[in-house]
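> Can you keep this structure in mind? I'll have questions shortly.
The values are calculated or read from the model by the stated rules, or taken from the named source; none is laboratory data. If you're wondering where the values come from, they're calculated on a predicted model, not measured in any experiment. Here the Cβ is made from the backbone with ideal geometry for all residues, glycine too, and neighbour counts use every protein chain on show.
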């Protein structure tokens, strides 16, 4: 990417983020109640989006060749187990990432 | 109270933000180190954390910078990833009402963690509400930006191999996903998200699947609305 393309890309992320933060105050600032469909999406969209983002993170992993995604699957299982055990975001992320780094550097190089 | 109102607000706000400090420095440093290992100068994590101020989006933005140029996909992806902010905003409409010049800053700084404090914390007696919100928000902002900048600056000094560090992004989404699990007792939206994402990945490949997947998820959620809400929509 050129510098200009980088600026446009980051600018798109800034614009999108600011839209999500400022829109409710611009649209509903006078006390109107948000439409039911918006509240419905508020309840159900995040779960689907984070499922999509996990797939996004794994999009370049090849599950049919090489290690069949073993380091990713093991580290995700460990992250999940840590989070269910301790419910501490930092422990889960740190533990899962550290394990993944060991796996890709030493076990599945 | 009028004279040292800001000092008192800062002292009241700080304890609420200590856990966020730990979390933001850890994730912010990781983000800065990740950008450094991806070949970017510390200026990138510094400016991106200042301008975007949405942690998960900054990790994704890094991978967008490494992918072919596609600003429309970047914008759509940001709207989907950060769509949850809309609901934070709706929840904060009343609390942030009438706060004058502070209000645009409070809205700009309304990340997950700041929302969770300002939405739930009761402003201590004698403390100006707007100043309390402002102090919580700016502290969290400074934690994040400083962590990301330091990570970018000192990422090169690390004595260990950073290969695999990018998994921090995956782990972060797994954790947020698990936290979302409880919001939908039957987890149908999550299965929908997974199914649509995997199908789109198989059909369109890793470079082009995000937009079809996002469209598919929105369409699926809207089509299944009466089923998901038990007809009580």
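> Determine which single condition residue B:157 fails, assuming it passes every other condition in (1) surrounded by fewer than 22 Cβ atoms within 10 Å (Cβ to Cβ); (2) more than 8 Å from chain A (Cβ to nearest Cβ); (3) in contact (Cβ under 8 Å) with a residue 12 or more places away in the chain.
Answer for residue B:157: the failing condition is (3).
> Would you call residue B:32 more than 8 Å from chain A (Cβ to nearest Cβ) and either modelled with pLDDT of 95 or more or assigned to a helix (DSSP H, G or I) (or both)?
Taking the combined requirement at face value, the residue satisfies it.
A quick yes/no check of all residues on (1) closer than 25 Å to residue B:32 by Cα; (2) buried (at least 24 other Cβ atoms within 10 Å of the Cβ); (3) out of contact with any helix residue (DSSP H, G or I) (no Cβ under 7 Å at 6 or more places or on another chain):
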position: B:143; (1), (2), (3): yes, no, no
position: B:147; (1), (2), (3): yes, yes, no
position: B:152; (1), (2), (3): yes, yes, no
position: B:161; (1), (2), (3): yes, no, no
position: B:167; (1), (2), (3): yes, yes, no
position: B:171; (1), (2), (3): yes, yes, no
position: B:187; (1), (2), (3): no, no, no
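> Also, I was wondering about something else. In the set A:90, A:58, A:73, A:23, which member is surrounded by fewer than 21 Cβ atoms within 10 Å (Cβ to Cβ), within 17 Å of the chain's Cα centre (by Cα), under 30 Å from residue B:228 (Cα atoms) and within 8 Å of another protein chain (Cβ to nearest Cβ)?
On the way: A:90 fails: under 30 Å from residue B:228 (Cα atoms); A:73 fails: within 8 Å of another protein chain (Cβ to nearest Cβ); A:23 fails: within 17 Å of the chain's Cα centre (by Cα).
Answer to the check: A:58.
> Of the residues A:52, A:82, which single one is more than 8 Å from every other protein chain (Cβ to nearest Cβ), part of a helix (DSSP H, G or I), without any contact (Cβ under 8 Å) to a residue 40 or more places away in the chain and surrounded by 15 or more Cβ atoms within 10 Å (Cβ to Cβ)? Before the answer, list the steps.
Numbers: A:52 fails: more than 8 Å from every other protein chain (Cβ to nearest Cβ).
One residue alone meets the criteria, A:82.
> Do any residues in the range B:122-139 that are modelled with pLDDT of 95 or more have Cβ atoms under 7 Å from those of residues that are assigned to a loop (DSSP other than H, G, I, E, B) and surrounded by 19 or more Cβ atoms within 10 Å (Cβ to Cβ), where the two are at least six apart or on different chains, and which pairs are they?
B:137/B:109; B:138/B:109
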